[in-house]
Amino acid sequence: MTRINGVQAVLAETQARLNLITEEMEERMHYATATRLNHLARTLALSLGLVTGAAFAAGGHHSLDDAAILEPDTCEAEGWLTRSRGGQRLLHAGGACRVGPVELGASAEYARERGASETAYALQAKWATELTPGFSAGISLSPGWQARVRPRYQATTLVALATWEPREDVALHLNAGRDFVHAGGDENRAGVSVEWWPRERWSLTAERYVEQQAHFVRAGLRWAATEDWTFDASRAHRLHGPGDSSWTIGVTRRIGR
């Protein structure tokens, strides 16, 4: 009887330990899933603001914007697909139109990573003007929202823009701004880029920028197939900080003239 009681006690203790291990594993899995969702949500909330501002004038998915807006009575629609080294996939679709002295835009993004997914939306208002021949300045304001969460409003990005064109085939862009996060710490973002048109319909872009506490460089190629259709591809490389390197391909369609 004593031996039976001892075995029962050992079995009970083993079962209790197994239960604790199971509970701990479930908590870790739940935490990992929540962490992935939070990472995706934060990435979308803080990136859409700058992306919406940069997409239409600078062209496609590049992170740096130029100090220029669409011509009167002109709109643009664009989309791109990004795949990061960490496995995240992001699909973007948006559009913008010239409305009086400003450019107004809207966009949506869907991101998926390791079974978790998030959707975010953003609006954008942009103003720019030429101060002297070859030099322009502007400002971009972009609030962002996230679907299926409370509160949905996530952040607003405010960016000051400057563009200098020392030659007809070269343009330099400088951005400096800040993410005003609704439920978190605000963050600075800034960068510089150069565009070069080596031949008609082809351009090369190089960027160095900081966003979401990470430093990146990007190199891209753009082809204007017609006056209204543009295709581009780029490689963004993470230098240090959170985030992953990525490849992106995109297309832009200009409507009206």
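Coordinate-derived values only; no laboratory data. As the structure is a computational prediction, the values presented were derived from the model and not from experiment. For neighbour counting, all protein chains shown are included, and Cβ atoms are generated from backbone atoms with ideal geometry for every residue, glycine included.
Observations, loosely collected:
- With R₀ fixed at 41 Å, the C-beta to C-beta distance from ARG235 to ASP73 puts the FRET efficiency at about 0.70.
- Among the trypsin sites (Lys or Arg not before Pro) found in the stretch 170-228, those both in a DSSP coil and sparsely packed, with 13 or fewer other Cβ atoms within 10 Å of their Cβ, are ARG201.
- Across the stretch 29-255, the convex hull enclosing all Cα atoms gives 113 Å³ per residue.
- Distance between the C-alpha centres of the stretch 204-255 and the stretch 66-90: 9 Å, rounded to the whole angstrom.
- Normalised by the number of residues in the stretch 29-255, the average gap of Cα pairs under 8 Å and 6 or more apart makes the relative contact order 18 percent.
- Across the stretch 98-109, computed HN-Hα scalar couplings (Karplus, 6.51 cos²θ - 1.76 cosθ + 1.60, θ = phi - 60°) run 7, 10, x, x, 10, 10, 10, x, 9, 8, 9, 9 Hz from first to last residue, x flagging Gly and Pro.
- Placing +1 on each Lys and Arg Cβ and -1 on each Asp and Glu Cβ, with no other charges, gives the stretch 29-255 a dipole about its Cα centre of roughly 1080 debye.
- Rg/Rg_ref, the stretch 137-257, where Rg_ref = 2.2 N^0.38 Å and atoms are Cα: 1.22
- Per-residue Karplus couplings for the stretch 180-192, computed as 6.51 cos²θ - 1.76 cosθ + 1.60 with θ equal to phi - 60°, are listed in order as 9, 7, 5, 10, x, x, 5, 9, 7, 9, 7, x, 9 Hz, Gly and Pro entered as x.
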